[in-house]
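The values are calculated or read from the model by the stated rules, or taken from the named source; none is laboratory data. Every value quoted in this text rests on a predicted model; they were computed, and no experiment measured them. Glycine also receives a Cβ, built like all others from the backbone with ideal geometry; neighbour counts cover every protein chain displayed. Surface areas here come from the heavy atoms of the whole protein model, side chains and all, with no ligands, DNA or RNA. Shrake-Rupley method; radii C 1.70, N 1.55, O 1.52, S 1.80 Å.
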Amino acid sequence: MRRWDGLCAGASAVILAAGLLAACADKGLPPRQLAGADPERGREIARRAACGACHDIPGVDWPKGRTGGSLAGFASRPLIAGRVPNQPQTLVRWLRDPSAIAPETGMPAVPLTTAEARDVAAFLYTLQ
Amino acid sequence: MTSETGFDTGLYDRFPTRGPRPAGELEKLEDAWCGPKGWQWISAINNNFIGVYYLGAAMLFFVLAGALALLMRTQLALPMNGVLPQETYNQLFTMHGTMMMFLFAVPAVEALGVLLLPQMLGARDLPFPRLSAYAFWAYLIGGLAFFGSLFFGLAPDGGWFMYPPLTGATYSPGINADFWLLGIGFIEISAIAGAIEIIVGVLRTRAPGMTIDKLPIFAWAMLIFAGMIVIASPSVILATLLLELERAFGWPFFDPLKGGDPLLWQHLFWFFGHPEVYIIFLPAAGAMSTIIPAIARTELVGYRLVVLAMLATGFISFGVWAHHMFTVGMPRMSVNVFSAASMAVSVPAGVQVFAWIATLAAGRMRFNTPGLFAVGGLVIFVVGGLSGVMVAMVPFDWQAHDTYFIVAHLHYVLIGGMVFPLFAAIYYWTPLVSARPLSERMGRWIFWLMFAGMHLTFLPMHLTGLMGMPRRVYTYLPDRGWELPNLLSTAGAYLFGIAVLLWGIDMARNFRPFRRKNAGNIYDGPGLEWLPNDLYSVRSIPVVTSLYPLWDQKGLSRDVATGRYFLPDNPTGGRETLVTSPMNAEPQFLLRMPKPSGWHVWAAVFTAAFFLLLTVQAYAAAALFGMLAVYTMFHWCWLLDRPMTQPRVDIGAGILAPSYAAGPASHGWWAMAITLVVAGMVVLLAGFSYVFLWSSRPELWKPPPDDALIAILGLYAVAALLAWLAVRLLTHDGPRSPVVSTLSMVLSVAALNAAGGLDVAGWLGAGLDPQASSQYAAVTALLAWQGLFLATAALMGLYIGLRLAFRYVLARQPATFEVVALFLAFSAGQGAFVAVLPRLFPGI
Amino acid sequence: MSALDALRGWPPPVLDPAGPFAGPVTTVAWVLFAMGAVVLAIVLVATAAALFGPRRWRARLGGERLVWLGGFAFPVVVLTGLLIYGLTLTRDLSAPPAPGEVRVRVTGEMWWWRVGYLDARGGEAFQDANQIHIPPRAPVVLELEAADVIHSLWIPRLAGKLDMIPGRRNILRLQADRPGVYAAQCAEFCGGPHALMGLVVVAHEPRAYAAWQARQGRPATPLPSRGAEVFAAAGCGACHTVRGTAANGLAGPDLTHIGSRRTLGAGILPNHQGTLAAWVADSQALKPGNRMPAYPVLSGRDLRALAAYLEALK
Amino acid sequence: MRGWSWMLSGLLIWAAHFSALYAIASLDAQTSADDHTLWTSAALVATLLCLAGCGLVLARTGFGAAPALPDRLAALGSLGAAVAICWQALGALFG
C-alpha cells in the first residue's frame, strides 16, 4: 500500500508541475494563431518537402537528419533558430527565405508558397 | 527371387526359433551396449544418444535463427525504422538464411535419420557410429562458433548466397566473409560424413528379408537425401574453397579484371543450392509418407509411385539450378531448358501430395497433433509449390525474382515441406525416445498458432513483392504502401514465435530421453522402430516379410523381444550388427562395432579449432591444430581392422556367418567409394569451372607447357597398377605376402607423388602464377586439389608401413589394403584428369 | 506528378504495367494466379473430402487412380500449356534490339546509378545519374553494366529486372506507352545501403524529350558565385564532374545538371536547395554507409551558397 | 550396380538428355548465330535418341506390367523422363 501512495503522490506532483509550466508558457509567449492555416496540411507539406532531411520532426517518420537540429518542442521556444523571436509572421517569412532574416544561417530557402509556409508554421506550433 | 549373395533364403524359415533362450544372454547384450555414465556422455557413440543430441542441436539453431528473424521483422514493422542499424540487419539476414539452411534444416533431417534409421531397419546401430558422433560434434562446435560471430560483429553480411564480388576481399575486407566460407565448408564436411553413414546404413544394415521393395519409405527418402548430399555438396565445398583462395591469395576466379567471372560462383553455388531445397524436403516428405499412413491406419497409396517420385525429384533437382539465375542474362536456350526442368520437378511433388490425399481418403484420419501438422504442412506446401510453378515461368520470374514474392514462396515451400513435417515427426516419434509423450493439448495450440502465424507472416509477402519491395532490404521508404503488409507480417512472425516458445515449454515439461523405458507405440505405427527396444535397439533382428511388419506380422514384437530371431546375443562379446546385401537384404557378415572412446570427439574439436583459427588468421596455431586433428584421426583409424580370432560366428538359429569382410562386400570399402564419389564430384566441377572460365574470356588464355604428359600419365598408370598388385599379392597368401605387398603399396604412393611432382614442375616451367590470370588460378587449384590427395596417399603409405611393423598386415584380413588401393587408384585417375584437361583444352 | 508520387504502392506496380515489355507479364501473372487458385481449390476440396467426406467419396479417392490423375496427368496437361505460353513470351520479350533504338548505358555503382546517353555511333554523348529519361512510345535499349559488385535494375511498371554484372553487359529493352515518372530500384543485394538505391525513369512527351536532350547535352553555364567558389574550395570536383568547369571527378555522379533532377540520393529525397544542403552537410544521416563523406565543416553561409549553386545547375 | 542402373534407367536417360541440352545450349551461346539451326537440330537428335531409350525401357518392362519393384521403377521413371525430355526439347526449340 505504501508504495502505491508514493506513486500517487509523485504523479500528482508531476501533473501539478506540468500545469504550472503550461500556465507560464501561456503567459510568457504571445498567442500563435495563423488564421485559416491547417496544421495537418502543414505536416504533409513538411513531409513532402523533406524538411526532415535536416531536422528531426516529431510526426514525420523520415528522413531524420541531424544538420539542423530537432524541432521537438518548437512551439514553446522563444526564438527561431536561436536568433529571432518566435512569432508566426516571422516564422512564415523565415521558412520561405531564412537568409533574409539571418544572413549567416545555413538553412536555404525552401520552395514554399506563402500559404504553404503558413500551413507549415501552424504545424510547427503544434509541436509542444 | 534369385539370391544376390548365395545365401539360402530358405533358412529364414528357422525363425522364429522355439524353446527358451540361454540365461545371461540378455545381460551380456545389455553390458555391451550400456550407455555412458556421468561425464562420459560426451563419448557416447550410440545412435540413441547421438540422434537426440543431433536433433536437439538442430532445434537449438532453429530457435536461434528464428530469433534473428523476429529481430528483422521488428525492424521491418515500420518504414525507416531504427531498431537495427544497417550493418547489423545485413548480418542478421545473412545469418538467418545460412543458419536455417546449413545449421537447422539439413542437420535436423540428418539427425532424424541417425536417430530413426537403425530402429526402422532393424539394425543395432548405424555402421560407423564414431563417424556420426564425429559429424555431430564437428557440427555443434562449428555451428556455435559460427553463431557466436554475431556477438563480435564478425558475422558474415553478404547474404546466405554470398555472391562475389561483394564478398571478395575488395568489398568485404574483414574476416566476416571468411567465417561463412570456412564455417560452411566445414559444416558440409560434417553433412557428408552423415550422408556416408546413412547410405551404407540403409543399403547394408537392413533386417534380413527387408528387400528393396519392403524398404520403409522414410529410409528411401534418407537414401536419396544422402545420395544428393554426396553429389551436391562438393559444389559448395569447391565454391567456398575457390572464393577463400581468391580472398586469401588473390587467385582471380571471380574477378573479371583478370579473366574471372562472378557468374561462376552462382553456377557452383546454385548447383548445390537448389538441390539443397530438395535435400531438405525429401526426408521430411519421407516422414510425411510414414506418418500419414500411421495416423490414417492404412497403407500408403502408391508406394511405388512415391518412391519413383522421390527418385525423380532427386535427379531432376540437379537440372534446375539456373532458375535462380533467370535475371543474369543467360542465353535464351539455356534459360528455356532450365525453365522446362523446373516445371518438370513439380510433377513428382504433385504425385506425393496426391498420394497423401489418397492415403487420407483410404484410411480414417485421427486428428492428433502429428496428424494436424502433417495435413497443415501439406496445405502450406501446395501453396508454395504453386508459387514455384509461377516463378518457373521465366517472364514472371523477371518480375518476381529477388522480391518479397520469392521470400513468401520459399518460406511456404520450406515451412510446409520441412518445418511442419518435422514437427509432425517430433510429435510422432517422441514416444520412441522419451519416457513421456508430448502433450496433445498443447500440441494442438502450437499447431494452430503456428499455422495461423505462418499464413499471417508470409501470405501478405506475395503482395509486398508485387508492390515492388525487393528482398534483403534493411528498411524501406514510407509512402510506398508497404506499411500494412509489413506490419501484418511482423505480427504473424510473433505469433509463430509464440508457437515455438510453447513447443519449448512442452519439450521441457514432457521430454524425458535416455530412460530405459520409452512411452512406446502410442500411435500404433507399423514400422520396426516400434518394436520393443533398448540401447541395443531390438533384442533380436527380425526377418521382415512386409512393408508394414508390425501390422502384418502377427506376434512379431513378442518374438523379437524374446530373442527368437537373428542375433539374439553378441557372439563376439562386443557391439555388433548384421550386414546384409544391398538389394535383397540377405545376411552377409557380422559387423563388429566400436565401443565409446574420446578420439572422435578430440578429432572434431581439433578440426573445428583448425578451421576457426584459420578464419581468424592465426595460421601457426591453425597448423598446430590441423596436425593434432590429423593425428587424432590417424589414431582413430589405427583402431580399425585389428587381427581377430573368430572367423565365423553363429548369427542365430545355427546360421554361421563370417565376422570379417573385405573389398566390395565390406562396409568400409563402400564408405571409401562414396567418399571418392564426393572427391570425384569436386574435381569434375573444378573441370567445369576451368572450362567455364575459359569460355568467359578465351582471349586471355596462354598455351600450356608442352612437356612430359606421357611420362606423367605413365607414372599414374604404374601407381594404379602397383596398388592393384598390392591387394593381389596380399590375398595370394605367400610366406612373404605382407612384406611384398606393403612394398608394392608404398611404391605406388611414391609413383603417385612422382607423377604429381612432374606435373607441377611442368607448369612452373611454363611460368605458372596463380595471381596472374583465371587460367593459372584454375590450373593451380586443380594441382593443389591433387596435391591434397597425394599428401593423404603419403599418410596412407605411412599407415600401411606402421601396420606391417605391428604385424597387423594379414593375408586373411585385406580390408585395409582394399580400401587404400581404391584410394590410390582413384588418385591416379584424378591425377590423369588434372594433367590432361588443362594441357589438351582449349587446344594444343 | 511528382517523383515521389510514382512510388506509391497501389495498385501494385507489377499488376499495373505501362508498356509492352511489362504488359504481357501482367497477363501471365493473372493467368498464373487463376491457375494457382483453381489447383489450390482442387487440392483443398480433395483433402476435405478425404478427411470428412462420406465413405463412398473416400473410397473413390483412396486409390492410385487419384495419384495418377491428380499428381501426374493433370499437372502434365496444365504445365505443358503454361510452358508453351512461357516460352513464346520469353522469345517475344527477349527479341534483340532493332538498329536505331535509343540506347542508354546504365552502370550500377555502390549505391547509385551512372547513366550515359549514347549517340548513334555508340559513344557516350553525356552523362547523368539516378534517373533515366526516355522518349515515349518507343523501345529503348538499356545497356546494363556494373562498376563494382552485382546490381540489378528493376522498373516494375516497364519491364522485368535484369542484373548488372561486373565484366558483362546485359541488354534490357523497355518502352513506356505514356509520359510519366516510373519508380525503379536495385533488386540485387549489393551491400550496405542497398535498400536505399532507387532511381526514377521519366518518359517525356516527344517534343519535351528533344528539348530535355538538347539541354542536358550542353555543359553547365553557372554564373560566377560564392557557391561555385565553395564547390571548388571544398574539393567537390575531385569526385564530381560539372561539365564546363574545372570539376572533372569520376567517382561520384555527374552534377552538370543536378538541379534538374527530380530526386536526390538515388531516388530517396526530393531535390531542392534544402535537401541539397542537408545532403552535403550530412548525407550519412540520410543514407548511412553511402560513399559521400559528411561536410560538417562548411559554414552556414557557405552551405547555403553551395546548395543554391547546385540547384542552379539546371 | 547393374540392378541399380536398370532401376534408375529412365532417370539416367533424363540426366543424359539434360546434360546434352545444357552442353548444346552452351555451345550455341559460344558460337556464332549462324550455327543456331545446327545446334537446334542437335538438340532434336539428342531428344529423339533419349525418347527412343525411354521407349526401349518401357517395352522391356512390358509397359509397366512387370510387378517387381526395379522393373516398375524403370518403367515409371522412363515415363516421367519422357515428359521432362519433351518439355526440355520444347525449350531448346524456342531457344
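For the pair C:ARG291 and C:ARG178, how long in nm is the line joining their label points, each one 7 Å along Cα→Cβ?
It is 3.7 nm.
Ordering B:CYS34, A:CYS51 by accessible area with a probe of 1.4 Å, largest first, what comes out? Walk me through the numbers before you get to the answer.
Working: B:CYS34 60, A:CYS51 30 Å².
The ranking, largest first, comes out as B:CYS34, A:CYS51.
Testing the spin-label approximation: label points 7 Å from Cα along Cα→Cβ at B:PHE841 and C:LEU69. State their distance in nm.
5.0 nm
List the relative contact order of chain D as a percent without decimals, with contacts defined as Cα pairs under 8 Å and 6+ residues apart. Working shown, then result.
Numbers: 101 pairs, mean separation 41.8, N = 95.
Once divided by the residue count of chain D, the mean separation gives 44 percent.
Cα-Cα over 19 Å: which of B:LYS37/B:LYS517; B:LYS517/B:LYS554; B:LYS37/B:LYS595; B:LYS28/B:LYS554; B:LYS214/B:LYS517; C:LYS287/C:LYS314? Write out the running numbers ahead of the final one.
Numbers: B:LYS37/B:LYS517 17 Å; B:LYS517/B:LYS554 23 Å; B:LYS37/B:LYS595 14 Å; B:LYS28/B:LYS554 28 Å; B:LYS214/B:LYS517 28 Å; C:LYS287/C:LYS314 24 Å.
Distance filter (> 19 Å) returns B:LYS517/B:LYS554; B:LYS28/B:LYS554; B:LYS214/B:LYS517; C:LYS287/C:LYS314.
Which value in deg cm²/dmol, rounded to the nearest 500, describes the helix-derived mean residue ellipticity at 222 nm for chain B, given -39,500 (n - 2.57) per DSSP H run of n ≥ 4 and division by the residue count? Kindly include the intermediate steps, with their values, before the conclusion.
Details: 26 runs with 528 residues, N = 844.
For chain B, the value works out to -21500 deg cm²/dmol.
Which value, in debye to the nearest 20, describes the size of the charge dipole of region B:314-443 about its Cα centre when Lys and Arg Cβ atoms bear +1, Asp and Glu Cβ atoms bear -1, and nothing else is charged? Working shown, then result.
Numbers: 5 positive and 3 negative charges, 82 e Å.
That gives region B:314-443 a dipole magnitude of about 400 debye.
Over chain C, what relative contact order in percent results from Cα pairs under 8 Å that are six or more residues apart? Intermediate results must be reported in sequence, preceding the final value.
Details: 550 pairs, mean separation 51.0, N = 314.
In percent, rounded to a whole number, it is 16.
Given a Förster distance of 60 angstrom, what is the FRET efficiency for B:PHE152 paired with C:GLU229, based on the Cβ-Cβ distance and rounded to 0.05?
Values: r = 47 Å, r/R0 = 0.78.
Given R0 = 60 Å and the Cβ-Cβ separation, E is 0.80.
If you average the C-alpha positions of region B:449-490 and of region D:31-74 separately, how far apart do those two centres end up, in angstrom?
So the separation of the two Cα centres works out to 45 Å.
At 0.36 nm per residue, minus the direct Cα-Cα distance, what do B:VAL739 and B:CYS34 gain on full extension? Give it in nm, one decimal, please.
Working: separation 705, 0.36 × 705 = 253.80 nm, distance 4.04 nm.
Computed gain between B:VAL739 and B:CYS34 is 249.8 nm.
Could you tell me which of C:GLY36, B:TRP602, A:GLN128 has its Cα farthest along the dipole of the protein assembly as shown towards the positive end, charges placed at Cβ (Lys, Arg +1; Asp, Glu -1), taken about the Cα centre?
Sorting the options by dipole projection puts first A:GLN128.
Any idea which of B:MET99, C:TRP113, C:ILE132 is furthest toward the positive side of the dipole for the protein assembly as shown, if Lys and Arg beta-carbons carry +1 and Asp and Glu beta-carbons -1?
B:MET99
Please arrange B:TYR427, D:TYR22 by accessible surface area, largest first, computed with a 1.4 Å probe and ligands excluded. Intermediate results must be reported in sequence, preceding the final value.
Details: B:TYR427 5, D:TYR22 40 Å².
Correct descending sequence by accessible area is D:TYR22, B:TYR427.
Under a Cβ-only charge scheme (Lys and Arg +1, Asp and Glu -1), can you give me the dipole magnitude of the protein assembly as shown about the Cα centre, in debye to the nearest 20? Spell out each step's value before the answer.
Values: 94 positive and 80 negative charges, 497 e Å.
In debye, rounded to 20, the protein assembly as shown gives about 2380.
Please give the FRET efficiency for D:LEU49 paired with B:VAL691, using the beta carbon to beta carbon distance and R0 = 25 Å, rounded to the nearest 0.05.
Numbers: r = 24 Å, r/R0 = 0.95.
The value I calculate is 0.60.
What is the distance, in nm, between label points placed 7 Å from the Cα along the Cα-to-Cβ direction at A:ASP61 and at C:PHE52?
3.9 nm
Taking a spot 7 Å from the Cα of B:LYS595 along the direction of its beta carbon, which residues of region B:618-647 have an amide N less than 18 Å from it?
B:636-646
Please find the FRET efficiency linking D:ALA65 to B:GLN646, where r is the Cβ-Cβ separation and R0 is fixed at 35 Å, and quote it to the nearest 0.05. Can you show the working numbers first?
Details: r = 48 Å, r/R0 = 1.38.
Calculated transfer efficiency: 0.15.
Once the dipole of chain B is set up with Lys and Arg at +1 and Asp and Glu at -1 on Cβ about the Cα centre, which of B:VAL353, B:GLY148, B:LEU68 lies farthest towards its positive end?
Working it through, the farthest residue towards the positive pole turns out to be B:VAL353.
Given axes a ≥ b ≥ c from the Cα gyration tensor, I'd like to know whether the protein assembly as shown is rounded (a/c under 1.5), prolate (a/b larger than b/c) or oblate.
prolate
Based on the alpha-carbon gyration tensor of region B:42-510 and its eigenvalue square roots a ≥ b ≥ c, which shape applies: rounded if a/c is under 1.5, prolate if not and a/b is larger than b/c, or oblate?
Working: a/c = 1.41, a/b = 1.27, b/c = 1.11.
Since a/c stays below 1.5, the shape of region B:42-510 is classed as rounded.
Using unit Cβ charges (K, R positive; D, E negative) and no other charged atoms, how large, in debye to the nearest 20, is the dipole of chain B about its Cα centre? Intermediate values should be presented prior to the final figure.
Values: 46 positive and 44 negative charges, 382 e Å.
Approximately 1840 debye in magnitude.
Could you give the distance between the Cα centres of region C:271-309 and region B:774-793, to the whole Å?
53 Å
Could you give the length gained on full extension between B:ILE522 and B:ALA805, defined as 0.36 nm per residue of separation minus the Cα-Cα distance, in nm?
Details: separation 283, 0.36 × 283 = 101.88 nm, distance 5.62 nm.
Length gained, B:ILE522 through B:ALA805: 96.3 nm.
Need one word for chain B: rounded, prolate or oblate. Basis is the Cα gyration tensor (sqrt eigenvalues a ≥ b ≥ c); a/c below 1.5 gives rounded, then a/b vs b/c decides.
Values: a/c = 1.76, a/b = 1.04, b/c = 1.69.
Oblate is the answer for chain B, as a/c is 1.5 or above yet b/c matches or exceeds a/b.
Gain in length, A:LEU79 to A:THR113, computed as 0.36 nm per residue apart minus the alpha-carbon separation, to one decimal in nm? Could you put the intermediate results ahead of the total?
Working: separation 34, 0.36 × 34 = 12.24 nm, distance 2.28 nm.
Between A:LEU79 and A:THR113, full extension yields an extra 10.0 nm.
Going by Cα centres, region B:175-229 and region B:609-670 are how many Å apart?
18 Å
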